Amino acid sequence: RGGTARFRRRLLATAPRGAHALEPPAAFSMGDLGDVSGEPPPAAAAAAEGQPPKSKPERSEAPEADKKDAQGKKPAALMQGAEKASGVGEVTKWCVLVFLVFQNSGASLLMRASRSAGDWNPQTAVISQEAIKGFLCFGLVLGEGGFAALRDTARPTAEALKTSVPALLYLFQNNMQYVAVGYLDASTYAVLYQFKILTAGMMTVLILRRSLSLMQWTALAVLTAGASIVIVSQMTSVSKDGEGRSVAIGVTAVILACLASGLAGVYFEKLLKGSTMSLWARNLQLAVYSLLIGVPGLYKSDTGGRLPRGFFDGYAPVVWASIINNALGGLLIAIVIKYADTIMKNFSTTLSILVTTAVSVAFFGHTLEPMSIFGTALVIYAVFLYGGMTGMSLLSVSLTARVRNLLSRTPS
């Protein structure tokens, strides 16, 4: 009994003071220790209420004045950066639009002018533009992936051999274009060449197994009607001069070029989607196959003995301008895919037709017939309708908004 009393006195002397001094301590971590104010730890309070613990903020909040200043400055800086980026995007799109208009209208006008510039072989122009396109693609592929990408592009595989099909079609299309502009004026050619929308739509359904909407089928019907009116107008206007046969040859060449363009475009799209090869590498393969097919065909078809006089015999500056313009147009698809939307592409097509018609009237003596004007209007409307736009008002609203947006960002 005496030992028990001594043990009890010793235990009381060493125990901490307080109401809960004799309660067993619960498991805890250093993070559960509250501050020195005597408030319960956050984890313990949350556990008592049956809620998951909330992490304590690492830094205290800024003073009220600093908070207001931060809220005022940061969103403003972000808005200025967004406006600057958006402004650059708008300027880029408008630059692409101008480039599209000049390239599309220049293709018709320059080819038409080059055919009247002297005696030269149009097949050499087609081969020259493919050589220029191949040289540019060579540099682009080398810049993107180095010599390893060039080796992959030049490797003779079954996949690379498939590129020879659209290469042959594009080669035929380019030759038919030069034939067509030799018999048609530039404005008529520009309107009739929109038949490529019809052929591309049909090839999309037949080859890619896609379905077109009712609006797109209506657009194709309107396009066919408008182009047919233009053809009838041209045939009627030249029947008195006995040039109806020449117009028929030109129209046939345009239709064949559009058929080749539609088939080659859809086939090339299928190749791009089924392969990891870049667009520049595919274009390089197209150029190489075009040269391999075109050069032997050129020498075989030279029955008049023109090539011994020189490959570039009869070339004038306008011929070189047409070649360079068409070569750049072959690479334009990459820029269009990256920057231009449907409205921009459709608007550029409309402007290019109008610019081509205006230049043809002013400098080439082309006369406008009422039927031709009506048919051209139908073709332009069909272009917008096929792109999903139901009226020209949508275009005007969109362009007005773009112009206002662009002007609002220009410094006063």
Margin query: Restricting to segment 258-279, count the residues that are in a helix (DSSP H, G or I), more than 16 Å from R155 (Cβ to Cβ) and either open to solvent by 10 Å² or more (accessible area, probe 1.4 Å) or among the charged types (D, E, K, R) (or both).
Written below: 11
Next item on the list: Of the conditions (1) of a type outside the set (S, T, Y); (2) under 30 Å from V254 (Cα atoms); (3) modelled with pLDDT under 75, A65 clears all except one; give me its number.
Entry: (2)
Next item on the list: Being crowded, with 17+ Cβ neighbours inside 10 Å and not β-branched (V, I, T) is the filter; apply it to segment 238-257 and report the residue that is modelled with the lowest pLDDT.
Entry: G250
Next item on the list: Could you tell me whether A227 is in a helix (DSSP H, G or I) and in contact (Cβ under 8 Å) with a residue 60 or more places away in the chain?
Entry: yes
Note to self: Take R112 and tell me if it is in a helix (DSSP H, G or I), of a type in the set (K, R) and surrounded by fewer than 19 Cβ atoms within 10 Å (Cβ to Cβ).
What the structure shows: no
Next item on the list: Tell me which of these R306 doesn't satisfy, since it passes every other one: (1) within 16 Å of N175 (Cβ to Cβ); (2) among the basic types (K, R); (3) modelled with pLDDT of 80 or more.
Entry: (3)
Check: Which of (1) within 30 Å of F363 (Cβ to Cβ); (2) assigned to a helix (DSSP H, G or I) is the odd one out, the single condition A167 does not satisfy?
Finding: (1)
Margin query: Quick check on segment 205-215. Is at least one of its residues in contact (Cβ under 8 Å) with a residue 60 or more places away in the chain, touching a helix residue (DSSP H, G or I) at 6+ places or on another chain (Cβ under 8 Å) and open to solvent by less than 20 Å² (accessible area, probe 1.4 Å)?
Written below: no
Notebook entry, point to check: Restricting attention to segment 136-150, does a residue exist that is under 25 Å from the mean Cα position of the chain (by Cα), open to solvent by less than 30 Å² (accessible area, probe 1.4 Å), within 24 Å of R306 (Cβ to Cβ) and touching a residue at least 60 places away in the same chain (Cβ under 8 Å)?
Noted result: no
Check: Counting just the residues of segment 285-300 that are open to solvent by 20 Å² or more (accessible area, probe 1.4 Å) and in contact with a helix residue (DSSP H, G or I) (Cβ under 7 Å, 6 or more places away or on another chain), which one comes out modelled with the lowest pLDDT?
Finding: Y299
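The values are calculated or read from the model by the stated rules, or taken from the named source; none is laboratory data. On a predicted model such as this, the values are computed, not experimentally measured, just so you know. Ideal geometry is used to build each Cβ from the backbone, glycine not excepted, and the neighbour counts take in all protein chains shown. The accessibility values were calculated without ligands, DNA or RNA, using every heavy atom of the protein model including side chains. Shrake-Rupley method; radii C 1.70, N 1.55, O 1.52, S 1.80 Å.
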